[in-house]
Amino acid sequence: MKIIAIYHNKGGVGKTTTAVNLSYLAAKDGLKTLLCDLDPQSSSTFYFRIKPKFKSGVKGFIKGGKNLEKNIKGTDYPNLDLLPGDLTFRHFENRLAADNKPDRRLLKILHSLDTDYDIIFLDCPPNISLVAENVFVAADLILTPLIPTPLSTRSFEQINKLLKNRRKKLNKLVAFFSMAEQRKTLHRDTIKSFFRDNKQVLKSIIPYRSDVEKMGVHRAPLPVFAPRSSAAKAFESLWKEVKSKLFD
Amino acid sequence: MIDKPVIFEISTQQNIDAFLHKLNKGYRFEFENHETDTCALFDTFDWRFFQTGYWVLVRRKTMELHRLADFSLVETVDFKKLPCFIWDIPESGFKARATSVLEMRALQKLLTIRSTAEKFIILNDDKKTVARFQIIAFDGDKTGSRMIRNIELMRVRGYEDDFRAIAKLLEQVGAERKSHSAFESVLVAAGLSPGGYTAKLNFQLTPEMPAGEAARIILRHLLNIMRLNVPGIKADIDTEYLHDFRVAIRRTRSALAQIKDVFPAEATREFRNKFAEIGRMTNQLRDLDVYLLDADACRALLPDALKPGIEPFFDYLLTERKKALAKIRRWLNSKKYQQVLSEWEAFLQTADAASMGSNEHLPVIDLANTRIYKKYRAVLKDGKKITPETVDDDLHALRIDCKKLRYLMEFFASLYPADDIGALIKQLKKLQDNLGRFNDYCVQAETLLHLIDRFHEEKTGTYQTIAALGGLVGAILMEKQFVRSEFQVTFSKFAGKQNKRHFLRLFNE
């Protein structure tokens, strides 16, 4: 079983849309897939039309085991299940701190699902916290969406540093460009220099498209309602790269 | 993820509408698509696959083997031409499993089943799919068959409460939960009774029953078996229709002879002769069938040098078979044959007390015990006389005694504990097997020797054919000697103390 986290310490960069679309594509590919919504805002959950309720709340989530099983919901798509996010997840930090190995808790919890799923996607909350640390420990791959501006490439450096300080494996972290507008010179130049200076980046670039914003209206993954759009095709290409990184 | 669906049987379209109406109150549902499927049910005339616990279905160019209990799929095999016999089935796991079941019988299409599935999704107020269902209508191709409707309800993980609520709605409109699909209901609605025909004597007698009544039950059962097999003989579907027909005749004659003093003597004699004649009319075809079924074994008995010469012999057999079959068809369609059967049927209905035999009112258990034990003693007596020097005819006589004993035991089996009588019949079968094979070899050798003369006179085939036939005779006579040498041991086992005790206990106490 592989665990992939979609992480960035800032909001609005395309984490949720990435988590939703990639998990959909993984399931379509035949992999038994679970999308785990760790964000108290529960956006992934909303996109799949599932109620943002986790029975027994963050307490139950941290206990793991049967509490997870009771909450898993089947999405409308074959092979794809979801663990809903919940407002009580805003207390993750406090609850986790009580543990004696606080950064390993998530790995332990997800381990019980080992035989049920081939891949688990983590949609992470936009912060630097114990939750993030747990994600860094648990994930086999950390995927970071970057909007192609100088500011975002700076935040990538920050995340890199975070991992380094915690002595985590650096090659776990991989970036990709999201919401890219090819017409803007700034975007094109940022992308060009980033590719030149960094190896930890995927080739697929997700364009800025209003289609993607409409996911909130359709409440479905992009490939379901706009399969031929350039954004959908870009996500397919992204999934191929991610799959190869995880399973080859 | 996907679970196994829960199946409900729902009787009318009105009930389905009532369910949809109730469903509409708490949920929305949407039509997704519909699928039609056609498959055909196959089995032998005597339901061999059904008896072994399987359904054989054919869908397009694939034959499927399903377990009876839960419909699970065990094997499949793809074919170009629809298989009829075991040798038509392509090499596969399916063929391996089917070999001992099918043997030499033909697979026949019993029913075509069409099903139309309308697929729906059930949505909550977020328009999230919380469950799925299919309305499946089954239809068999026998005219007038009732349409069977199922609703298969499939849960979505995490929405168990909704699933339970919807299942309750179904129960409220009278739908019944079923453990398996509508398959068996479709068969019953089409008028098929799975396992309905068997050549076994599965009637029940009771010990106090008057012997006359018991005899009539037995004979009516045998007459029915004869009648049921005639269409299959005429249509030449497989060799076993004729075989079961002949066995029923043999048993009829044996019953008339062995169940003594139940019917008037004159009528008994008359019908025995009439059935003997019917039996004789079928001898030729049966002999040819047996030879042709054994063709591969015959070929294997010959040295390689003589093998090619035997083929004209088999061609000759096939030609003769065509003629014999035509003869039987004419006979079975004839007025004379029909007349014998209706006279016999009339005879079995009447119970004219005046002309009946002295045993007519005897409790059948007494008659059974007496006749069986007496015949058993006769078998022992005749068998003990046989030595390696005894002439072949004495072995044939013993074989006939054994047959009479076996038939008696089978007629009256329902009067005794199944395990006990089953075990004794099994012991008797072993002895009969040895005597039967010996007899087959004697007859075959004799027939082939006659054929050699005939082929020579009529100049059928070449000298190689005659040489091959000669080779076959030689091989058969060697097999005959071997079987003969096994007789002593086989008989002593049957005549042993243990069997004696069992026979005594069951029939003479």
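The values are calculated or read from the model by the stated rules, or taken from the named source; none is laboratory data. Keep in mind that this is a model prediction, so the values were computed, not measured. Cβ coordinates were reconstructed from backbone atoms using ideal geometry, including for glycine residues, and neighbour counts include every protein chain displayed.
Could you pull out every one of the strands (runs of 3 or more DSSP E) wholly within the range A:116-235 that has 1 or more residues that are without any contact (Cβ under 8 Å) to a residue 60 or more places away in the chain and not aromatic (Phe, Trp, Tyr)? Give the steps one after another, and end with the answer.
Details: elements: A:119-123, A:141-146, A:173-180, A:201-207.
It comes to A:173-180, A:201-207.
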Quick check on the range A:30-52. Is at least one of its residues within 19 Å of A:LYS70 (Cβ to Cβ) and touching a Lys or Arg at 6+ places or on another chain (Cβ under 7 Å)? yes
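Only one of A:LEU106, A:LEU113, A:LEU83, A:LEU122 is out of contact with any Asp or Glu (no Cβ under 8 Å at 6 or more places or on another chain) and within 14 Å of chain B (Cβ to nearest Cβ). Can you tell me which? Let's see the steps before the verdict.
Numbers: A:LEU106 fails: within 14 Å of chain B (Cβ to nearest Cβ); A:LEU83 fails: out of contact with any Asp or Glu (no Cβ under 8 Å at 6 or more places or on another chain); A:LEU122 fails: within 14 Å of chain B (Cβ to nearest Cβ).
Within the list A:LEU106, A:LEU113, A:LEU83, A:LEU122, the selection yields A:LEU113.
Answer with yes or no whether B:ILE218 is closer than 24 Å to B:VAL101 by Cα and of a type outside the set (Gly, Ala, Ser). First the steps, then the outcome.
Values: closer than 24 Å to B:VAL101 by Cα: no; of a type outside the set (Gly, Ala, Ser): yes.
In short, no.
Condition first: of a type in the set (Val, Ile, Thr) and within 29 Å of B:PHE133 (Cβ to Cβ). Now tell me which residues in the range A:61-82 satisfy that. First the steps, then the outcome.
Within the range A:61-82, the subset of a type in the set (Val, Ile, Thr) is A:62, A:72, A:75.
Selection gives A:ILE72, A:THR75.
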With criteria (1) of a type in the set (A, V, I, L, M); (2) surrounded by 21 or more Cβ atoms within 10 Å (Cβ to Cβ); (3) under 18 Å from B:GLU345 (Cβ atoms), B:ILE233 comes up short on (3)
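Of B:THR490, B:THR462, which residue is touching a residue at least 60 places away in the same chain (Cβ under 8 Å), exposed (fewer than 14 other Cβ atoms within 10 Å of the Cβ) and at negative phi? So that I can check it myself, show each step before the final result.
Working: B:THR490 fails: exposed (fewer than 14 other Cβ atoms within 10 Å of the Cβ).
The match here is B:THR462.
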Which pairs have Cβ atoms under 9 Å, sit 6 or more apart or on different chains, and link a residue in the range B:387-410 that is of a type outside the set (Asp, Glu) to one that is outside any helix (DSSP H, G or I)? B:LEU395/B:ILE386; B:LEU398/B:LYS385; B:LEU398/B:ILE386; B:LEU408/B:ILE259; B:MET409/B:TYR416
For the range B:7-16, check the following and say yes or no: at least one residue is within 14 Å of another protein chain (Cβ to nearest Cβ) and in contact (Cβ under 8 Å) with a residue 40 or more places away in the chain. no
Kindly check whether there is at least one residue in the range B:193-203 that is outside any strand (DSSP E or B), within 14 Å of another protein chain (Cβ to nearest Cβ), among the basic types (Lys, Arg) and surrounded by fewer than 20 Cβ atoms within 10 Å (Cβ to Cβ). no
Please list, ordered by first then second residue, the pairs with beta carbon atoms under 8 Å, 6 or more apart or interchain, first in the range B:181-193 and within 9 Å of B:ILE148 (Cβ to Cβ), second of a type in the set (Gly, Ala, Ser) and assigned to a loop (DSSP other than H, G, I, E, B). B:VAL186/B:SER145; B:ALA189/B:SER145
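State which residue is modelled with the highest pLDDT when the search covers only the range A:120-160 and only residues that are among the β-branched types (Val, Ile, Thr) and more than 23 Å from A:LEU96 (Cβ to Cβ). Steps first, answer last, please.
Of all residues in the range A:120-160, those among the β-branched types (Val, Ile, Thr) come to A:120, A:128, A:131, A:135, A:137, A:142, A:144, A:147, A:149, A:153, A:159.
Then keep just the ones that are more than 23 Å from A:LEU96 (Cβ to Cβ); that gives A:147, A:149, A:153.
Details: A:ILE147: 94, A:THR149: 91, A:THR153: 82.
Per the criteria, the residue is A:ILE147.
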Give the range B:98-123 a look and list any residue that's within 14 Å of chain A (Cβ to nearest Cβ) and in contact with a helix residue (DSSP H, G or I) (Cβ under 7 Å, 6 or more places away or on another chain), or say none. B:ILE122
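Within the range A:52-74, is there a residue that is more than 9 Å from every other protein chain (Cβ to nearest Cβ), in contact (Cβ under 8 Å) with a residue 60 or more places away in the chain and either touching an Asp or Glu at 6+ places or on another chain (Cβ under 6 Å) or under 27 Å from A:LYS28 (Cβ atoms) (or both)?
If we filter the range A:52-74 for residues that are more than 9 Å from every other protein chain (Cβ to nearest Cβ), which is where we start, we get A:52-69.
Checking which are in contact (Cβ under 8 Å) with a residue 60 or more places away in the chain leaves us with none.
No; the residues of the range A:52-74 include none that is more than 9 Å from every other protein chain (Cβ to nearest Cβ), in contact (Cβ under 8 Å) with a residue 60 or more places away in the chain and either touching an Asp or Glu at 6+ places or on another chain (Cβ under 6 Å) or under 27 Å from A:LYS28 (Cβ atoms) (or both).
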Going through the range B:215-238 one residue at a time, which ones are under 15 Å from the mean Cα position of the chain (by Cα) and outside any helix (DSSP H, G or I)? B:ILE237, B:ASP238
By residue number, the members of the range A:11-51 that are out of contact with any strand residue (DSSP E or B) (no Cβ under 7 Å at 6 or more places or on another chain), closer than 23 Å to A:THR115 by Cα and within 14 Å of another protein chain (Cβ to nearest Cβ) are A:GLY30, A:LYS32
Given the condition surrounded by fewer than 19 Cβ atoms within 10 Å (Cβ to Cβ) and not in a helix (DSSP H, G or I), answer yes or no: does some residue in the range B:263-270 qualify? yes
Can you name the number of the only condition in (1) in contact with a Pro (Cβ under 8 Å, 6 or more places away or on another chain); (2) more than 21 Å from A:LEU143 (Cβ to Cβ); (3) within 14 Å of chain B (Cβ to nearest Cβ) that A:ARG90 fails? (3)
How many residues, within the range A:28-37, are aliphatic (A, V, I, L, M) and crowded, with 24+ Cβ neighbours inside 10 Å? 2
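Residues in the range B:61-103 that are among the aliphatic types (A, V, I, L, M), part of a loop (DSSP other than H, G, I, E, B), at pLDDT 95 or above and surrounded by 14 or more Cβ atoms within 10 Å (Cβ to Cβ): how many? Write out each step before concluding.
At the first step, the residues of the range B:61-103 found to be among the aliphatic types (A, V, I, L, M) are B:63, B:65, B:68-69, B:73-74, B:77, B:82, B:86, B:89, B:96, B:98, B:101-102.
From what's left, part of a loop (DSSP other than H, G, I, E, B): B:68-69, B:82, B:89.
This time we only want the ones that are at pLDDT 95 or above, so: B:82, B:89.
Retained after the next criterion (residues that are surrounded by 14 or more Cβ atoms within 10 Å (Cβ to Cβ)): B:89.
Residues flagged as among the aliphatic types (A, V, I, L, M), part of a loop (DSSP other than H, G, I, E, B), at pLDDT 95 or above and surrounded by 14 or more Cβ atoms within 10 Å (Cβ to Cβ) within the range B:61-103 amount to 1.
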Look through the range B:124-144, keep the residues that are assigned to a loop (DSSP other than H, G, I, E, B) and within 14 Å of another protein chain (Cβ to nearest Cβ), and return whichever of them is surrounded by the most Cβ atoms within 10 Å (Cβ to Cβ). B:LYS128
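Which residues, counting only those in the range A:95-109, are assigned to a loop (DSSP other than H, G, I, E, B) and under 16 Å from A:LYS59 (Cβ atoms)?
Step one: of the range A:95-109, the residues assigned to a loop (DSSP other than H, G, I, E, B) are A:98-104.
The answer is A:ALA98, A:ASP99, A:PRO102.
Looking at the range B:406-420 only, could you name the residues that are in a loop (DSSP other than H, G, I, E, B) and of a type outside the set (A, V, I, L, M, F, W, C)? Outline the logic, then answer.
Of all residues in the range B:406-420, those in a loop (DSSP other than H, G, I, E, B) come to B:412, B:416-417.
Within the range B:406-420, B:TYR416, B:PRO417 qualify.
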